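Undergrad: Quick one: this structure, given as C-alpha cells, is what I'll be asking you about.
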Amino acid sequence: MSIPVAGQVPGHAPADGTAARARGLTKAYGSGETTVLALDSVDVDIARGRFTAVMGPSGSGKSTLMHCLAGLDTVSAGQVWLGDTEITGLKERQLTRLRRDRIGFMFQSFNLIPTLNALENITLPMDIAGQKPDPKWLDQVIDTLGLRDRLKHRPAQLSGGQQQRVACARALASRPELIFADEPTGNLDSRAGLEVLGFLREAVDDLGQTVVMVTHDPGAAAHSDLVLFLGDGRIVDEMERPTAEAVLERMKRFDVIRGQVEGQAAGRAAGQVEGQAEWQAAGQAEGPAPGAVEPPVEHRGRDASGADEEA
C-alpha cells in the first residue's frame, strides 16, 4: 500500500534541496494482537548538505526510520524517496545497486575486513562494483580524515577511533548522495568519538556531504544542524542549532512522560490487586462471595426415643 502526496506524481518527488524524504511512512512488525507499530505515518524531509541527527528513547523507532530511508528495510505503507527516485517500489537487486552507488554507511561496529589494509577497506565497495575512485576526491577524503600515514595498516593495527575514521572514509569515497551513520561513536572513548564527530561535521561543511546520524548522545547530536526527536514511532519535535544542554533537557521530558505513564500503569495494577484483596477479605467476614457454593451443613433430628441422630 502506498500513500501518494497531494500534487505529486507517484514515484517522483522534487529533489531540490532534499536528499531524502518520506510520506506516510509506516512500519509494523508481527500481525494481529502481536503487531508492533515501529513507525506510525511519518512525514520527514532530509535537507541536502546538512547534518541531521535522529534521537529518541529506546524503542522509539529511530533506527527503523534510518533503515527504511536507506532501503535496508521494507515499509508497511507509505513512500520513501532518495532524491527523485522512489525506492519503496524497487526490487532487491535495484535496491542493492542504489545503496552501493548512492548511499554511504557507517555503523557502530566499523564492519572492516580484517585481512585488508585501510586503503583496501576504503575502496572495497567501488572495487566490488568495478568502479575506480576519483583520485583527487579520494586524496581529499583521506587527508581530511588524517589517514595518510595509516593506509597500509590493517584494522588490528589501528585504534578504535582510527578504524571508525576508515569506515567514514569508506562511506565518503564514492561521493554518495547521503551518508547514514548508526551510533558511529557508540564503541569509542570520548576523545575518539569527538574526533569522528568532528570529521562528520567537516564532511558536511567542507566536502558538501549530507549526513543522517542516529544517536542517543546529546553531545553527539550537538554537532548536527538539526535534531529530529522520535517518540512512539512518530516525529514529535525538532531542534535547529542544537546544544548538548538543550537536547538533554528535551530528552528528559521523554523520561518524565514515560515515568508518568509507567507510574499510572503501576498504580492501576496495584489498585486492582488491593481491591481484589479487600473484596476477598470482606467476603470471608460477611459470607460467601456472590456465586460461591455454600458448604454442606449437617442436619440433626431426633429418633423415636428422643435421642439425637444424624439425618
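The values are calculated or read from the model by the stated rules, or taken from the named source; none is laboratory data. Keep in mind it's a predicted model, so treat the numbers as computed, not measured. Cβ: placed from backbone, ideal geometry, glycine included. Neighbour counts: every protein chain shown. Note: areas computed on protein heavy atoms with side chains; ligands, DNA, RNA excluded. Shrake-Rupley method; radii C 1.70, N 1.55, O 1.52, S 1.80 Å.
Undergrad: Assigning unit charges at the beta carbon (Lys, Arg +1; Asp, Glu -1) and nothing else, what dipole magnitude in debye, to the nearest 20, does segment 24-172 show about its Cα centre?
TA: So the dipole magnitude of segment 24-172 works out to roughly 540 debye.
Undergrad: What does the accessible area of Ile128 come to, in Å² to the nearest 10, when a probe of 1.4 Å is used?
TA: In the full protein context, Ile128 sits at about 130 Å².
Undergrad: Right, next: Just the number, please: carbon plus sulfur as a percent of the accessible area of segment 22-82, 1.4 Å probe, no ligands or DNA/RNA counted.
TA: Carbon-and-sulfur percentage of accessible area, whole number: 49.
Undergrad: Still on this structure, please answer the following. Based on the alpha-carbon gyration tensor of segment 32-88 and its eigenvalue square roots a ≥ b ≥ c, which shape applies: rounded if a/c is under 1.5, prolate if not and a/b is larger than b/c, or oblate?
TA: oblate
Undergrad: Just the accessible area per residue of segment 70-146, please: how many Å² with a 1.4 Å probe?
TA: Dividing the accessible area of segment 70-146 by its residue count gives 51 Å².
Undergrad: To the nearest 10 square angstrom, how much accessible area does Ile235 have with a 1.4 angstrom probe?
TA: Ile235 exposes around 50 Å² with every protein chain in place.
Undergrad: Over all directions, how big on average is the projection of the convex hull of the alpha-carbon atoms in segment 95-162, in square nanometres?
TA: Averaging across all directions leaves 5.0 nm² for the Cα convex hull.
Undergrad: Per residue, what accessible area does segment 173-234 have, given a 1.4 Å probe and all protein chains present, in Å²?
TA: The answer is 35 Å² per residue.
Undergrad: Excluding same-chain residues fewer than 8 positions from Lys91, which lysines have a Cα within less than 27 Å of its Cα?
TA: Within the straight-line limit of under 27 Å, Lys91 reaches these lysines: Lys27, Lys62, Lys132.
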